[in-house]
Every structure is written in C-alpha cells, then in structure tokens.
Amino acid sequence: MVHNVVFVLGPPGSGKGTICAKIQEDFNYIHLSAGDLLRAERQREGSEFGALIEGHITNGTIVPVEITCKLLENAMKAAGDVRGFLVDGFPRNQNNLEGWNAEMTGKVDEKFVLYLSCPVDICISRCLNRGQGRTDDNEESLKKRVVTYNSQTFPIIEHFEKSGQVREVKSERPVEEVYADVVKLFS
Ligand code: ADP
Ligand code: C5P
Ligand code: MG
C-alpha cells in the first residue's frame, strides 16, 4: 500500500508540531514527528541507541538516517489505513534524504513539502518559552540547532524548491492565521 506523505520543515520553533497536531485533528493525516520518535526511542528501556540519540539532540546534530527512517517506517506500519502522514522535521539533511529515498521510494507518494518560514529570533524565543522540559531548549543547544538548520536543512528545502514541491507558509503570525493558510493546502 502506497501512503501519502507530506514533509513538514522549518526552523526549530517555527510551529511544525503545533500545526501538524491541528491537521491531524481535521484531516485524516497522522502526525509523525521525527524528533518525538527519537526522544521516545532515547527513553525506551533496552534501546541500544539511547546514548547516541542523546548526544545528537544535545548538540543539535542529526542522528544517522538508518535509525530515524526505521522509526518512521515502523510508525507508518503501525498506523493502518489513513489518508496519509505528516512527516515533521524530516528530511533534515542530505543523509536523511538519501536514506529515505533508498528505503521508501515506491512505498510512498510524496505530495508536497510544507515549509513553515519564520525569523530565527522569533523561533528561538518560542523554543525558550516552550515549557516542555526539553533538554535542547536552552541557548547553547539552540545556537547549535540553528547552525545545523542553516547549513544542512535549508539546503534540503532549496532542493525540494527546485522541483516545485515546496509550499511556503509564513509562521510568525498567530497560529489561527498560519493554520488558515495551511488548511487550503489540504482541502
Ligand atoms: P516546532 O515543532 O517547529 O519546533 P512547536 O510547534 O513545538 O515548533 O512550537 C514551538 C513553541 O511556539 C510552542 O510553545 C508553541 O506553542 C509556540 N507556537 C507555535 N506556533 C506559534 C505561533 N504561530 N505563534 C506563537 N507561538 C507559536
Ligand atoms: O524536530 P525537533 O526539534 O523535535 O528535533 C529535535 C532534535 O532531534 C534535533 O535537533 C536533532 O538532534 C534530532 N533530529 C534528528 N533527525 C531528524 C529530526 C530530529 O537527528 N530528522
Ligand atoms: Mg517539533
């Protein structure tokens, strides 16, 4: 069975999780956050990847795709019959993209890339006020996450842009305004 996939990208704190939760509620799309899946795997008793994932999260670097793609694929298999998946925070770099393409080509129909664009200073202050107790929502990790975003993730968005797959929505506005534009892409 070929699943519809929408990639959701944007800087840390741009509102990916917030918007995906709303799409999941209103459309039959399942929200899969790569970061959430990695955090769950980090916590899982007996996981052989806990320490490695923790190191990457603290340093704002990207976990090797073999781990992340497997977590995504397992979550998709577990979800059953849905309209599609919102793959949030992935592909984050060239390694993510190549590993996904090698594993998932033919198994998924990539609809588009939702790019939530937002000035970095706003994103950082949102992360510092997120209040979810994340170990990487501190000034030092955030600086590193922004460097990774600019050097590795933004080029992936540009790559998708070249093939006309990117739908940009400016997300520095109130959530309801952002979401009103996002809804048009799913209706
Ligand atoms: P991401 O998943 O992209 O890192 P989140 O959805 O977790 O971002 O949002 C980061 C923080 O910013 C959260 O506290 C969230 O409530 C808040 N937030 C998200 N979108 C907006 C918005 N449009 N305006 C103001 N705050 C927002
Ligand atoms: O998207 P989120 O902010 O939850 O990601 C948190 C961290 O999880 C990233 O900074 C990175 O260390 C890790 N991550 C990753 N590969 C992804 C998504 C997230 O390594 N594709
Ligand atoms: Mg998130």
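For every residue, the table says whether it meets (1) of a type in the set (A, V, I, L, M, F, W, C); (2) within 13 Å of ligand 2 (Cβ to nearest atom).
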position	(1), (2)
N96	no, yes
W100	yes, yes
K111	no, no
V120	yes, no
D137	no, yes
V146	yes, yes
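Looking only at residues that are within 16 Å of ligand 3 (Cβ to nearest atom) and in a helix (DSSP H, G or I) in segment 158-187, which one is surrounded by the fewest Cβ atoms within 10 Å (Cβ to Cβ)?
If we filter segment 158-187 for residues that are within 16 Å of ligand 3 (Cβ to nearest atom), which is where we start, we get 169, 171, 175, 178-179, 182.
Then keep just the ones that are in a helix (DSSP H, G or I); that gives 175, 178-179, 182.
Details: V175: 12, V178: 21, Y179: 18, V182: 22.
Of everything passing the filter in segment 158-187, V175 is surrounded by the fewest Cβ atoms within 10 Å (Cβ to Cβ).
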- Query: Under the condition of being within 15 Å of ligand 3 (Cβ to nearest atom) and not in a loop (DSSP other than H, G, I, E, B), which residue from segment 103-121 is farthest from P11 (Cα to Cα)?
  - Reply: L114
- Write out, first by first residue and then by second, each pair whose Cβ atoms fall under 6 Å of each other, whose residues are 6+ apart or on separate chains, and whose first residue, in segment 126-142, is in a helix (DSSP H, G or I) while the second is open to solvent by 80 Å² or more (accessible area, probe 1.4 Å). none
- Task: Give me the pairs, please: first residue somewhere in segment 85-114 and among the basic types (K, R), second residue anywhere and within 10 Å of ligand 2 (Cβ to nearest atom) and open to solvent by less than 10 Å² (accessible area, probe 1.4 Å), beta-carbon distance under 6 Å, and either six or more positions apart or on two chains.
- Result: R92/T153
- Note on the structure: Contact list, first residue from segment 1-27 and touching a residue at least 60 places away in the same chain (Cβ under 8 Å), second anywhere and acidic (D, E) and away from ligand 3 (no atom under 15 Å from the Cβ), beta-carbon distance below 6 Å, six or more apart or interchain, is V2/D109; N4/D109; V5/E110
- Query: Out of segment 53-92, which residues are of a type in the set (A, V, I, L, M) and surrounded by fewer than 16 Cβ atoms within 10 Å (Cβ to Cβ)?
  - Reply: A78, A79, V82
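The values are calculated or read from the model by the stated rules, or taken from the named source; none is laboratory data. A quick note: this is a predicted structure, and the numbers were derived from the prediction, not measured. Quick reminder, even Gly has a Cβ in these numbers, built from the backbone with ideal geometry, and neighbours come from all protein chains shown. The area values use the complete protein model at the heavy-atom level, side chains included, leaving out ligands, DNA and RNA. Shrake-Rupley method; radii C 1.70, N 1.55, O 1.52, S 1.80 Å.
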